[in-house]
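Below is one structure, written out as structure tokens; the observations come after it.
The values are calculated or read from the model by the stated rules, or taken from the named source; none is laboratory data. Predicted model only: the values in this text are computed from it and were never measured. All Cβ positions, glycine included, derive from the backbone under ideal geometry; neighbour counts span all protein chains shown. Side chains are part of the model used for accessible areas, which takes the heavy atoms of the whole protein and leaves out ligands, DNA and RNA. Shrake-Rupley method; radii C 1.70, N 1.55, O 1.52, S 1.80 Å.
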Amino acid sequence: MESIVERINQQKFWQFHGGIHPPEQKKLTSDKPIRQLPLPKQLILPLQQHIGSQGDLLIKVGDKVLKGQPLTQSTNPMAVPIHAPTSGVISAIKKSVIAHPSGLSDLCIFLDVDFNDTWLPRRICQDFTQLTKNEIISKIANAGIAGMGGAGFPTHIKVNTKPDINFLIINAAECEPYITADDLLMCEQSEAIIDGIKILDQLLNPAFILIGIENNKPKAIKALQKATQFIDKMKVCTLPTKYPTGGEKQLIKILTGKEVKSGALPIHSGIVVQNVATCFAISDAVIHDIPLIRRVVTLTGQALSKPQNVWALLGTPVSYLLEQTGFTNENTADNNKNINLPPPVIMGGPLMGFSILNELVPIVKTSNCILAPSKTEMPSAFDNNSKELECIRCGQCSDVCPSQLLPQELQWSAKAKDYQQLTKLNIFDCIDCGACAYVCPSQIPLVQYYRVAKAEIRQQQQLDIKSEKAKVRFEARKLRLEKEKIAREEKHKKAAAARKATMNKKSADGTSASSAVAAALARVKAKKEATEKTVSDSPTINNGKTKEHDELSSTSNEDQGDKSQVKAAIARAKAKRLAKSRAAEEKSDALPTAISVEDEAEDEKSQVKAAIARAKAKRLAKSQAVEKQEETTETTETTETTETTETNNEAIEPPIANNKANNEDKKVKIAAAIAKAKAKKEAKNEIKAPEVNLENKKSDVVTPNVDDKKTRIALAVAKAKAKAKAKANAKKDQKKQAELLQITNNEAKSSLKLSKEESE
Ligand code: SF4
Ligand code: SF4
């Protein structure tokens, strides 16, 4: 920092790369004061005169407006309002040709001037030092100030910076040939310009304020030095004349020796650069409440009889300015061809300006010069036939390029529309200075190629941004749809799970219900069968109670009681069948001794009689056997004693066995009779039980008696067991009885035989 200040104090500066020294041609206008022109009849005001976006209209056709009245406004910080340069009536709002190299049209406000030049009431600021930073920035923004050096960047954004500023550089170089607008402004409005610089100092509070001005403006240098002689931090830096010293990065390099890298901004190096005309506009806005509605324009060229600098209202058509300066269209005078060609008029300087094909193009905030050259002065402007030759790779363009680019390669890539390569070659570091085209021996309009290429790249970038936004929207929509799909699937899964659960529940309910139905059907079937059997087998049941039973069984709540009744009926039926089958078996197995099985009493009597007969027969046989043995013993001698003894023993044993058998037979028969009686009694009880239950059901129909049921089941089981046992015992008894009877019969036969033999 110290060395920079020392070098500045010593007026020693750095050099930037390249640059040219074209003829200055400034003397055409540099010695003439700035002229106030009469008001034109109509002003044409493009809504956008700067870098950024245009504001919204505040007026409509037919509205009367006052001088200084805002015509547009916007909340967009990059939007800068426009104001009515004078009073009048809005006659039209439509598209018209604007000041742009493309020659395209844009929306414009047509203001018919009423020549009263009536101001909107203003509030003059007596002491701007009392204003806050925000108030100053607001005044600058509301005044619609944009960079007046040519870039047109909104000033209120550029000065609203937070980082510490080391250098505030005021660009007063005005290096392009012919242009003297800033020179004259500095000469005539140096105090106002210094006020504007002071306002910026109040906003930015830089360490140093450097005013860079080329040494070809001696009057302006003196004026500035006089205005700043008592301001220590403000230095007027007189620079050697070299084009393009007025380039922002080039001026920073000259004054501070710092290089602003590609893609970076001066603010990144703690430097803010403002044009000297912008400083004047800031002074007007903050102190005098005058928006940016006018500017100094250099009207120059040998085609003008009275070249000069003028205060031109924004929106003033170029045709009107040319009229005021005695312009002669040399193409119109081409009587030989009888063709009216448009005049070769250039907006801006000869190096950075562009030709305008319509004289209705208006002056805007960045317009500093209208150049109307003569044929001898600039013959190329009158020659429509291109004299462009092939590049000879001389490299002169690279040598003079202040941005240290490769102009010839840029040209090739621009012709090939290789935008990727152009970007790699840092085409946006090109400041359109035209130095390369100026030195090109092949007369290649290099800058025109670069401008077209940059415009197309910007357009492509805008499309890419739109495409990226569309892609983001698409991705967001896709994501949203996927989320919705997942949500739907989850919902469907939950619904399916709920349905499945419900179905499972219903299935379980259905199973139980079907089981219950099956059980009910089984009960009904069993009940029906039991009822039929009961009716057919038991006449006693087929009475009034049966009707009651039927009525009761018709209700589903009586199932348990009915079941018991059915079981009892089945048990009774089984008992009866068993008794019948037993009786049938006894009949079929009965011996000729005629033991009756139908009448139990007679059976017992018969059995007793048979037993008595058997006992008598046994005793008789025994006595006869004893008598015979005695006789045998008496008559027979005894070597055969053993045999006789054995024979006697055998003869004696049967009566004893017969007695035992008779006793056992009797016991068995008695037991069988008792079992049979028990079975009958149980069967009778079982038959009575339903009657009791039915009676109970009359009073308590819906409450089945579980204990009663169990009891009946137990009784039925016991009865079945007793029956089975009785049956088995009966069979066993019958078998034994048959054996005993057979033995008895045999003994009787043998006794009778012996008796016959004895009698014989
Ligand atoms: S116009 Fe661009 S490429 Fe040509 S000299 Fe200037 S900065 Fe370099
Ligand atoms: S100055 Fe012209 S001819 Fe020479 S290298 Fe550059 S573009 Fe090619």
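Right, Val97: aliphatic (A, V, I, L, M) and at pLDDT 95 or above or not?
So Val97 fails the test.
So, in the range 389-439, how many residues would count as being out of contact with any Phe, Trp or Tyr (no Cβ under 6 Å at 6 or more places or on another chain), outside any helix (DSSP H, G or I) and either in contact (Cβ under 8 Å) with a residue 60 or more places away in the chain or near ligand 1 (Cβ under 9 Å from one of its atoms) (or both)?
Residues in the range 389-439 being out of contact with any Phe, Trp or Tyr (no Cβ under 6 Å at 6 or more places or on another chain), outside any helix (DSSP H, G or I) and either in contact (Cβ under 8 Å) with a residue 60 or more places away in the chain or near ligand 1 (Cβ under 9 Å from one of its atoms) (or both): 10 in total.
Please find, within the range 401-418, the residue that is nearest to ligand 2 (Cβ to nearest atom) out of those that are more than 27 Å from Leu357 (Cβ to Cβ) and open to solvent by 20 Å² or more (accessible area, probe 1.4 Å).
Only one residue tops the list, namely Gln408.
Could you grab me the full set of residues in the range 446-463 that are within 13 Å of ligand 2 (Cβ to nearest atom) and in contact with a Leu (Cβ under 7 Å, 6 or more places away or on another chain)?
Tyr450, the sole residue that qualifies.
If Val272 satisfies every condition in (1) farther than 14 Å from Leu185 by Cβ; (2) open to solvent by 20 Å² or more (accessible area, probe 1.4 Å); (3) assigned to a strand (DSSP E or B) but one, which is the exception?
(2)
Give the residue that is modelled with the lowest pLDDT, with candidates limited to residues of the range 732-744 that are open to solvent by 50 Å² or more (accessible area, probe 1.4 Å) and within 16 Å of Ile670 (Cβ to Cβ).
Lys736
Checking Ile356 against (1) crowded, with 22+ Cβ neighbours inside 10 Å; (2) farther than 17 Å from Ala181 by Cα; (3) in contact with a Ser or Thr (Cβ under 8 Å, 6 or more places away or on another chain), only one condition comes out false. Which one?
Here Ile356 meets the rest and fails (3).
Being within 30 Å of Tyr450 (Cα to Cα) and among the β-branched types (Val, Ile, Thr) narrows it down to one of Val89, Val97, so name that one.
So the residue among Val89, Val97 that is within 30 Å of Tyr450 (Cα to Cα) and among the β-branched types (Val, Ile, Thr) is Val97.
Is one or more of the residues making up the range 233-243 over 23 Å from Thr161 (Cβ atoms), within 16 Å of ligand 1 (Cβ to nearest atom) and either open to solvent by less than 20 Å² (accessible area, probe 1.4 Å) or not aliphatic (A, V, I, L, M) (or both)?
For the range 233-243, residues over 23 Å from Thr161 (Cβ atoms), within 16 Å of ligand 1 (Cβ to nearest atom) and either open to solvent by less than 20 Å² (accessible area, probe 1.4 Å) or not aliphatic (A, V, I, L, M) (or both): present.
Taking Gln443 as the residue in question, decide whether it is surrounded by fewer than 19 Cβ atoms within 10 Å (Cβ to Cβ), within 12 Å of ligand 2 (Cβ to nearest atom) and outside the structural domain of Leu251 (by TED's automatic domain parsing).
In short, yes.
Could you check Pro344 against (1) modelled with pLDDT of 90 or more; (2) crowded, with 20+ Cβ neighbours inside 10 Å and say which number it fails?
It is condition (1) that Pro344 fails.
Given the criteria open to solvent by less than 80 Å² (accessible area, probe 1.4 Å), over 19 Å from Gln250 (Cβ atoms) and either more than 16 Å from ligand 2 (Cβ to nearest atom) or not assigned by TED's automatic domain parsing to the domain that holds Gly150 (or both), does Gln421 qualify?
Taking the combined requirement at face value, the residue satisfies it.
Of Thr325, Thr300, which residue is surrounded by fewer than 24 Cβ atoms within 10 Å (Cβ to Cβ) and among the β-branched types (Val, Ile, Thr)?
Exactly one of Thr325, Thr300 is surrounded by fewer than 24 Cβ atoms within 10 Å (Cβ to Cβ) and among the β-branched types (Val, Ile, Thr), namely Thr325.
For Phe16, only one of the following conditions fails: (1) more than 16 Å from ligand 1 (Cβ to nearest atom); (2) out of contact with any strand residue (DSSP E or B) (no Cβ under 7 Å at 6 or more places or on another chain); (3) assigned to a loop (DSSP other than H, G, I, E, B); (4) not hydroxyl-bearing (Ser, Thr, Tyr). What is its number?
Unmet for Phe16, out of (1) more than 16 Å from ligand 1 (Cβ to nearest atom); (2) out of contact with any strand residue (DSSP E or B) (no Cβ under 7 Å at 6 or more places or on another chain); (3) assigned to a loop (DSSP other than H, G, I, E, B); (4) not hydroxyl-bearing (Ser, Thr, Tyr): (1).
Can you tell me which residues in the range 446-464 are within 14 Å of ligand 1 (Cβ to nearest atom) and either within 14 Å of Pro244 (Cβ to Cβ) or open to solvent by 50 Å² or more (accessible area, probe 1.4 Å) (or both)?
Result: Val447, Gln448, Tyr449, Val452.
Could you say which residue among Ala192, Ala173 is in contact with an Asp or Glu (Cβ under 8 Å, 6 or more places away or on another chain), part of a helix (DSSP H, G or I) and in contact (Cβ under 8 Å) with a residue 24 or more places away in the chain?
After applying the criteria, what remains is Ala192.
Rundown of residues vs (1) over 45 Å from the mean Cα position of the chain (by Cα); (2) of a type in the set (A, V, I, L, M); (3) closer than 26 Å to Gly18 by Cα, yes/no style:
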| position | (1), (2), (3) |
| --- | --- |
| Leu410 | yes, yes, yes |
| Tyr419 | no, no, yes |
| Lys424 | no, no, yes |
| Ile444 | yes, yes, yes |
| Lys466 | no, no, no |
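Does Phe110 meet the test of being over 24 Å from Cys279 (Cα atoms) and touching a residue at least 40 places away in the same chain (Cβ under 8 Å)?
So Phe110 fits the description; yes.
Under the condition of being more than 15 Å from Gly434 (Cβ to Cβ) and not in a loop (DSSP other than H, G, I, E, B), which residue from the range 364-388 is farthest from ligand 2 (Cβ to nearest atom)?
Ranking the candidates gives Ile370 first.
Quick check on Ser91: is it closer than 21 Å to Val318 by Cβ, in contact with a strand residue (DSSP E or B) (Cβ under 6 Å, 6 or more places away or on another chain) and without any contact (Cβ under 8 Å) to a residue 40 or more places away in the chain?
In short, no.
Given (1) in contact with a helix residue (DSSP H, G or I) (Cβ under 8 Å, 6 or more places away or on another chain); (2) open to solvent by less than 70 Å² (accessible area, probe 1.4 Å); (3) assigned to a loop (DSSP other than H, G, I, E, B), identify the lone condition not met by Leu39.
(1)
Counting only residues that are assigned to a helix (DSSP H, G or I) and open to solvent by less than 40 Å² (accessible area, probe 1.4 Å), how many does the range 214-232 have?
Number satisfying all stated conditions: 5.
Tell me the residue from Ala151, Ala99 that is assigned to a loop (DSSP other than H, G, I, E, B), more than 43 Å from the chain's Cα centre (by Cα) and surrounded by fewer than 18 Cβ atoms within 10 Å (Cβ to Cβ), please.
Step by step, each of Ala151, Ala99 is checked, and only Ala151 is assigned to a loop (DSSP other than H, G, I, E, B), more than 43 Å from the chain's Cα centre (by Cα) and surrounded by fewer than 18 Cβ atoms within 10 Å (Cβ to Cβ).
Out of all the residues in the range 157-170, is one or more closer than 19 Å to Ile271 by Cβ, charged (D, E, K, R) and assigned to a loop (DSSP other than H, G, I, E, B)?
The answer is yes; a qualifying residue exists.
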